[in-house]
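The values are calculated or read from the model by the stated rules, or taken from the named source; none is laboratory data. Keep in mind it's a predicted model, so treat the numbers as computed, not measured. When we count neighbours, we look across all protein chains shown, and the Cβ atoms used for this are built from the backbone with ideal geometry, even at glycine.
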Amino acid sequence: MGDGVIPGLVKGLATTARSLTRHTHTAEYPDVSPALPPRSRGVIALTEENCTSCMLCARECPDWCIYIDSHKEEVPPATPGGRARQRNVLDRFAIDFSLCMYCGICIEVCPFDALHWSPEFEYAELDIRDLLHEKDRLGAWMATVPPPPALDPASAELAEVAAAAKPPRAAGARGTAAGATGAAGARPARATRVMPTVTPPEAGEPE
């Protein structure tokens, strides 16, 4: 039994000695901030100006942790004689991060880019009720959102970018082109067939 203890002890000490000479990979958090990947899911940030209160994010959230309140207001017409329209005004937008599972569905389904991922993760609270972030606090996280990655130079140009860069057509050229198209596509006049007129014989005359 003693013969097996001494070699095992020496082997263990040798392993410890090798570990002491290696470089450590432990980050001394919080004294040293961790190097996070650019697409880290830390906290969700809100751009209030982009939100139209469509409720799509709240309906698709599997945890029901998004709360939205809004009201409608009438917008006067932009031109004289125009018709007034209505728009949604955002009153409340809140996310309860004590329920959120960071799936990112709300960010993916938002059609107006109102929600973004921020790599910030240091928002722990002593009271769980403080994890309910209202729109003011969600908007403050926008300062920590990294810029989007650059597009691949070999990728095709987006249809929206191509449409925006296309020069507008002049009104006169449009009318001339329409007239030329109409003249070229006009159908030829149809010939009219004239039928002979037959006068009936009067009474007493032979037919």
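Can you find a residue that is closer than 21 Å to residue 136 by Cβ, assigned to a loop (DSSP other than H, G, I, E, B) and hydrophobic (A, V, I, L, M, F, W, C) anywhere in region 63-77? Within region 63-77 (the criterion being closer than 21 Å to residue 136 by Cβ, assigned to a loop (DSSP other than H, G, I, E, B) and hydrophobic (A, V, I, L, M, F, W, C)), the answer is yes, since at least one residue qualifies.
Is it the case that residue 40 is without any contact (Cβ under 8 Å) to a residue 60 or more places away in the chain, under 18 Å from residue 138 (Cα atoms) and small (Gly, Ala, Ser)? Judged against the criteria, residue 40 is not a match.
Of all the criteria given as (1) over 25 Å from residue 149 (Cβ atoms); (2) modelled with pLDDT of 95 or more; (3) small (Gly, Ala, Ser), the one not satisfied by residue 81 is (2). Residue 37 passes every criterion in (1) surrounded by fewer than 10 Cβ atoms within 10 Å (Cβ to Cβ); (2) more than 27 Å from residue 131 (Cβ to Cβ); (3) under 26 Å from the mean Cα position of the chain (by Cα) apart from (2). If we keep just the residues of region 84-133 that are more than 23 Å from the chain's Cα centre (by Cα) and buried (at least 16 other Cβ atoms within 10 Å of the Cβ), which is farthest from residue 66 (Cα to Cα)? The residue in question is 131.
No other residue among 69, 96 is out of contact with any helix residue (DSSP H, G or I) (no Cβ under 9 Å at 6 or more places or on another chain), modelled with pLDDT of 95 or more and not small (Gly, Ala, Ser) apart from 69.
For region 141-163, a residue qualifies if it is surrounded by 13 or more Cβ atoms within 10 Å (Cβ to Cβ) and of a type in the set (A, V, I, L, M), and the qualifying residues are 142, 145. Inspect region 85-106 for any residue being among the aliphatic types (A, V, I, L, M), in contact (Cβ under 8 Å) with a residue 60 or more places away in the chain and not in a strand (DSSP E or B) and give the result as yes or no. Within region 85-106, none of the residues are among the aliphatic types (A, V, I, L, M), in contact (Cβ under 8 Å) with a residue 60 or more places away in the chain and not in a strand (DSSP E or B). Being assigned to a loop (DSSP other than H, G, I, E, B), more than 23 Å from residue 125 (Cβ to Cβ) and of a type outside the set (D, E, K, R) is a property that holds for residue 81.
In the set (1) surrounded by 10 or more Cβ atoms within 10 Å (Cβ to Cβ); (2) touching a residue at least 12 places away in the same chain (Cβ under 8 Å); (3) of a type in the set (D, E, K, R), residue 136 fails one condition alone, (2).
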